[in-house]
Structure formats: C-alpha cells, structure tokens
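Report on the following structure.
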Amino acid sequence: MKQDFDKDEIIGHVATLLEEIPTSLEIVKDDSKKKERFRYLAKHMVEKAINKEALLVSDNGRGIAIFFKMDGKSDGFWAELLSDLKLAVNVTGLRKGLKALKSQKFVRQQRPTEGEFLYCWFWGILPDARGNSSDKTPYKMKDEMYRISKSLQLPIYAETRVRKVSIAYRRYGFEMVKEWEHPSGDIMYFLKYVPPTLDN
C-alpha cells in the first residue's frame with residue numbers, strides 16, 4: 001500500500017466517492033454548499049483514519065479504504081461523527097444527523113459487542129481503476145486487508161447498501177450475515193470475513 005500519498009488528493013478522491021454512497025448521500029445536506037459539505041466530511045474521515053492508522057491507499061492511489069481495529073465497546077464511526085456539532089453544522093444539518101443516528105444504532109448492533117475485530121467502514125475505487133484487469137486495484141487492497149486480518153487473527157465486518165458491492169465482497173470470500181430493509185426502502189447487506197486459522 002502507498003505510504004507517501006498526498007493527503008489533499010486523497011481527501012478529494014474520498015469526497016468524489018462519497019457522492020456514490022447511499023448513506024453519505026442521505027446525511028449530507030442538499031443545498032448550494034453540497035460539494036463543500038462532501039469535502040468537509042471527507043477531510044474529517046481521512047484525518048481521523050490517519051490518526052488511528054486506519055487509512056489504506058492502493059499503490060496507484062486510485063483505491064482508498066478506512067479499515068479500523070475496533071472492539072465491542074466502540075460506538076462506531078458514524079455515531080461519533082454525527083455527534084460532533086461542527087459536522088452537524090457543516091455536513092448534515094441537525095435533522096438529517098438525528099435521523100441517521102437512529103439507523104446507525106441498528107447497524108452497530110450487528111457487530112460484536114465484545115472482543116476485538118476489524119471494521120471496513122469505507123472502501124472505494126475510483127471509476128478509472130474499476131474493472132481494470134491490468135492493475136487489479138480492488139484485489140490488491142483485498143489481499144492487504146486479508147493479510148492484516150490473518151496476522152491479527154481478527155474477523156472483518158462490513159456493510160453496504162449497494163447490491164453489486166455486496167456481491168463483490170462475497171466473491172472476495174466474505175459471507176452474508178444478514179439482510180435488513182433500511183428505513184430508506186433499500187436493502188443493507190451485513191458481511192463478515194473470518195481468517196483461515198481463526199475459522200479452524
């Protein structure tokens with residue numbers, strides 16, 4: 001994974017990718033400042049990931065993941081993010097923030113309540129690197145996550161509201177744990193990967 005990345009460039013890439021994600025589209029206030037709001041959210045996410053050593057950037061800089069080591073006592077990234085007043089003002093607005101917190105309570109309950117685990121909170125590949133068989137960006141990132149999972153002997157949890165993303169996770173070796181009808185009307189898929197030794 002890339003270590004000498006340009007933070008501002010990564011923030012820009014994350015802001016672009018957030019505009020494709022149903023949850024972030026729901027929480028970001030839809031007004032004339034929408035682009036700046038996505039940028040503010042992306043900056044917060046990237047800086048938090050760097051501080052927690054949770055940011056993975058592919059060698060070509062086109063794939064980005066936020067991959068936390070967590071325990072059952074953690075409130076989770078969205079809860080922490082939405083409780084921040086500055087983020088409520090600059091990203092969500094209070095009404096959208098409170099609405100999102102209700103859904104996130106259920107989402108958090110699908111993860112372990114005790115013990116350590118890895119949580120793939122964000123994973124995005126820029127359009128020009130998707131389906132590109134020559135550089136294999138998604139596969140290399142998946143291999144790095146699995147390497148971390150195996151070395152720590154911790155399972156990986158993830159969720160998505162994008163069906164084709166859930167199919168990709170399963171193709172990579174994740175198992176479907178649960179499907180949930182999200183209040184928005186679409187389906188949220190909860191997935192888990194167990195490293196080989198732990199599985200045995």
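With an a/c value of 1.5 or above and a/b not larger than b/c for the gyration tensor axes a ≥ b ≥ c computed over the alpha-carbon atoms, region 116-200 is described as oblate. So, in Å, what gap is there between the alpha-carbon centers of region 118-192 and region 40-73? If you average the Cα positions of each part, the centres end up 15 Å apart.
Greater than 24 Å separation of Cα atoms is the criterion. Which listed pairs, LYS142/LYS164; LYS43/LYS178; LYS7/LYS142; LYS7/LYS52; LYS2/LYS178; LYS48/LYS105, meet it? Going by Cα-Cα distance, LYS43/LYS178; LYS2/LYS178 fall outside the 24 Å limit.
Shown is the FRET efficiency for ASP6 and GLU175, computed with R0 = 35 Å from the Cβ-Cβ distance and rounded to the nearest 0.05: 0.45. Ordered by 1.4 Å accessible area with all protein chains kept, GLU53, GLU36 run largest first as GLU53, GLU36.
The values are calculated or read from the model by the stated rules, or taken from the named source; none is laboratory data. Bear in mind the structure is a predicted one, so any value in this text is a computation, not a measurement. Cβ sites come from the backbone with ideal geometry, for glycine too, and all protein chains shown count toward neighbours. Accessible surface is based on the protein model in full, side chains and every heavy atom, while ligands, DNA and RNA are left aside. Shrake-Rupley method; radii C 1.70, N 1.55, O 1.52, S 1.80 Å.
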